[in-house]
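Note sheet for the following structure.
Bear in mind these aren't lab numbers, they're just calculated from the coordinates by the rules spelled out. Only a predicted model underlies this, so the values are computations on that prediction, with no experimental measurement involved. In this analysis, Cβ positions are derived from the backbone assuming ideal geometry, glycine residues included, and neighbour counts consider all displayed protein chains.
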Amino acid sequence: LPCTPAGRLYTMRKGSFDDGQHLLHSEAGAKVLSCNDAVENVGCGPFQYTLALASVFAWMNDGIQPLLLSFLMDELEDEFNVSGVMSSLIGSALFLGMLIGSFFWGYLSDTRGRRMVFFSTVGCAAIGSLGVALAPNFPLLLIFEVVVGFGVGGNLPVVYALCSEFLPTKGRGAALAVLASAWSIGELIAAGLAWILLPRVGWRALVGATIVPTLFVFVLVKQVPESPRFLLLQGKKDQALRVMRYVAKRNRSSALAHTQQLMQVGSEDRSTLLCWAVSPPTHILN
């Protein structure tokens, strides 16, 4: 099987290729490219910028939620007439939701898809924030804080995994480092919003304002398809190839013009277990 310098581009003249996990049957002359090499050959362009922008807005919203509570505690104690000890349960509720969400959504992203989980976690956090803003009593406030954490805890590892699977090796580390900094940007936004809105419109409007970044996420994620790596692991090779051709078209690349099939090679079939299993202990430490 000849290999080109641009990547492992194989020409199968007859028979089949067995990589140990996926047995690929091919017609004469069909060209097969590994998923990783397809991402490398297509390169980075407008598609990745759209995905990165959606991910940054999502992580900014995630970073807003924990810090926002520190500005709301006095207001919440007065609003619901609870002691400082009872109000500390609000933060505990948020991190409990993050702990549960990390495991639940991480598992679901490996079985149902990254894109669906991206949408669902952002929507869950937005619904929870709206519930907090409208909560008529303290028990409901705690429940909605768990919902917020449930969405935030799942969003963090899933977004990280989705970005990793669409980014070429060159610049991937730097791009993910920038993504991680979005959490800190969210904290700065939380402080700025609290300084401007809290004394003027109150804590409920302040919490409601934190939903705004999720609106941008919904608009941008509509342009992001399912991860081709996930599709290959589900045996959906044709869909995976269509996704990568869409990415190539967005990036104005002709790298996949002659590719007829994608495949997984070697250890590429690893799940996102590490991404979402490492996340819960960080919530416990917080």
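So how do 232-243, 98-109, 132-143 stack up, highest first, on mean other-Cβ count within 10 Å? Please report the intermediate quantities before stating the final value.
Working: 232-243: 17.9, 98-109: 22.6, 132-143: 16.2.
Descending packing order for the listed peptides: 98-109, 232-243, 132-143.
List, in order, the whole-Hz ³J(HN,Hα) value for each residue of the range 146-151 obtained from phi through the Karplus relation with A = 6.51, B = -1.76, C = 1.60 and θ = phi - 60°; use x for Gly and Pro.
3J(HN,Hα) across the range 146-151, in whole Hz: 4, 4, 4, x, 4, x.
Which value in Å is the Kirkwood Rh of the range 41-119 over different Cα pairs?
Values: mean 1/r = 0.0646 Å⁻¹.
The answer is 15.5 Å.
Run the simple label-point estimate for Phe216 and Ser88 please: 7 Å along Cα→C-beta, distance reported in nm.
Those two pseudo-labels are separated by 3.6 nm.
So for the pair Ala174, Phe104, with labels modelled 7 Å out along Cα→Cβ, what separation do we get in nm?
Using points 7 Å along Cα→Cβ, the separation is 3.9 nm.
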